[in-house]
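*Asks:* The structure is given below, and queries will be raised subsequently.
Please treat every number below as a calculation from the coordinates, not as lab data. Everything quoted here is computed from the prediction, not taken from an experiment. Every residue, glycine as well, gets a Cβ built from its backbone with ideal geometry; the counts of neighbours run over all protein chains shown.
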């Protein structure tokens, strides 16, 4: 078998395969054996029909097509494996020549992962410095206030709701949840709901119903409601007074192994410092990678970008279903866009993510990074420990393994880049 490779634009290759007549005869024999199992002829048990009769029964043209299909699959995939080509999607196959007793010639047009021309990534990484980490009194106080609220006592009140009260409401609006009633609980005045919604709830008492318009800001998390005026029907279920415990040594003891408020505050400070250290690590990694990607040269295949756009699109659909409890068709109607228009908005994000992935992969090659089986096994155990037994039954173990391998690989790349910037 001979293979001739022709490079095409946008990371595509056209490979012309020429299978000798003798080799093609073997593929024809394999095709006959395969067809034999499915051919029915009176007087013979299925699977025991003589090959000559099988050949007559299926016809010369069908036999050639079956042999060609068998040859393409085996020759193409063997070549890809032997040459360690990283192919994107399935090949476009065209038959050039096929005839009994002759050589078999076909072409396979494929898209492969593109070549990446890296800049001096070591120099770039060395210039990105870490920022100093400081834990402020305000940050500590916010954490303590949050914990204080988790220990609050609530008592039912027969009074008008005011800021600081814990309220239980149910509401409905045509534009939200298909007009179905939604129940919610929040502390009035702390931004649990849109500001004008909370302002209208102030002054209501248990059992009271009220209708009012709410102006949604442009920066709301519900993009389909941004800048709109929505009419709400609201019923107050209950108003509760929230009594916060005093922040002292007793409060500290109630939260764990702390003898004093001072010891508790030290632990809070330590935990915030750990959290901010992790945030700074991720920020720094992002800056290093972004600067390298900016100067890297890579021609992204359209097929690869298309796959990534599709993946981002599917992720978005799942998030809309989970967070907004509406169908995707309803979402499209609310934002007045087509499915294709939404997909097209992911083009830049898809390209950026792909370039980042390819750059990290190429740096790993340059640095001879490998993920051995022991490392992978340890990380797999950690990953699987995060799922319940029921969840694990729905997880593709091979996909999880590949994902985990990628995470470990990228972590090693980032560690190298971080060490360069110290």
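*Asks:* Give me the log10 of I(q) over I(0) for region 314-378 at q = 0.13, 0.16, 0.23 Å⁻¹, as the Debye formula computes it from C-alpha points; what are the numbers?
*Replies:* Those come out to -0.62, -0.72, -0.97, one per q.
*Asks:* For the pair residue 183 and residue 269, how long in nm is the line joining their label points, each one 7 Å along Cα→Cβ?
*Replies:* In this crude spin-label approximation the distance works out to 4.4 nm.
*Asks:* Moving to a separate point now. Just to confirm the number: angle between the C-alpha axis of helix 397-420 and the first principal axis of the chain, 0 to 90 degrees, nearest 10?
*Replies:* For helix 397-420, the angle is close to 70 degrees.
*Asks:* Return, ordered by residue number, the residues of region 194-213 whose backbone nitrogen is under 12 Å from a label point located 7 Å along Cα→Cβ of residue 156.
*Replies:* 206-207
*Asks:* Going 7 Å from the Cα of residue 241 along its beta-carbon direction, which residues of region 116-156 have the amide nitrogen within less than 19 Å of the resulting point?
*Replies:* 149-156
*Asks:* Based on the Kirkwood radius over alpha-carbon pairs, what is the Stokes-Einstein translational diffusion coefficient of region 367-422 at 37 °C with 0.692 mPa s viscosity, in µm²/s?
*Replies:* In µm²/s, the coefficient is 262.
*Asks:* Compute the distance in nm between two label points, each set 7 Å from the Cα along the Cα-to-Cβ direction, one at residue 372 and one at residue 415.
*Replies:* So the label points at residue 372 and residue 415 sit 1.2 nm apart.
*Asks:* With the cut-off at 1.5 for a/c, could you classify region 238-328 from its C-alpha gyration tensor as rounded, prolate or oblate?
*Replies:* Note, shape of region 238-328 comes out oblate.
*Asks:* Work out how much length residue 249 to residue 202 would gain on full extension: take 0.36 nm times their residue separation and subtract the Cα-Cα distance, in nm to one decimal.
*Replies:* Extra length from residue 249 to residue 202 when fully extended: 13.4 nm.
*Asks:* Please compute the alpha carbon radius of gyration of region 153-243, then divide it by the globular-protein estimate 2.2 N^0.38 Å. Two decimals is fine.
*Replies:* For region 153-243, the normalised Cα radius of gyration comes out at 1.07.
*Asks:* Still on this structure, I have one more. Per 5 Å bin from zero, what fraction in whole % of the C-alpha pairs of region 80-205 is there, up to the bin with the longest pair?
*Replies:* With 5 Å bins starting at 0, P(r) equals 2, 6, 9, 9, 8, 6, 5, 4, 5, 7, 9, 8, 6, 5, 4, 3, 2, 1, 0, 0.
*Asks:* Turning to a different aspect of this structure: Restricting everything to alpha-carbon atoms, can you work out Rg to Rh for the chain with a Kirkwood hydrodynamic radius?
*Replies:* 1.12
*Asks:* Here's a follow-up. Please give the helix 21-36 orientation as an angle from the longest Cα principal axis of the chain, in degrees from 0 to 90, rounded to the nearest 10.
*Replies:* Around 70 degrees separate the two axes.
*Asks:* Using 0.36 nm per residue, how much length does the chain from residue 338 to residue 107 gain when fully extended, once their Cα-Cα distance is taken away?
*Replies:* Using 0.36 nm per residue and subtracting the Cα-Cα distance, I get 79.4 nm.
*Asks:* Let me ask something else about it. Between residue 78 and residue 345, what is the label-to-label distance in nm when each label sits 7 Å out along the Cα-to-Cβ direction?
*Replies:* Going from the residue 78 label point to the residue 345 one covers 5.0 nm.
*Asks:* Counting helices only, and only those DSSP H runs with n ≥ 4, report the 222 nm mean residue ellipticity of the chain as the sum of -39,500 (n - 2.57) divided by its residues, in deg cm²/dmol to the nearest 500.
*Replies:* Calculated from helices alone, the mean residue ellipticity at 222 nm is -16500 deg cm²/dmol.
*Asks:* Cα convex hull of region 277-422: mean projected area in nm², to one decimal?
*Replies:* If I average the Cα hull's projected area over directions, I get 11.8 nm².
*Asks:* Next question. As I understand it, the value is the acute angle between the Cα axis of helix 261-295 and the longest principal axis of the Cα atoms of the chain; what does it come to in degrees, rounded to 10?
*Replies:* Between helix and principal axis, roughly 40 degrees.
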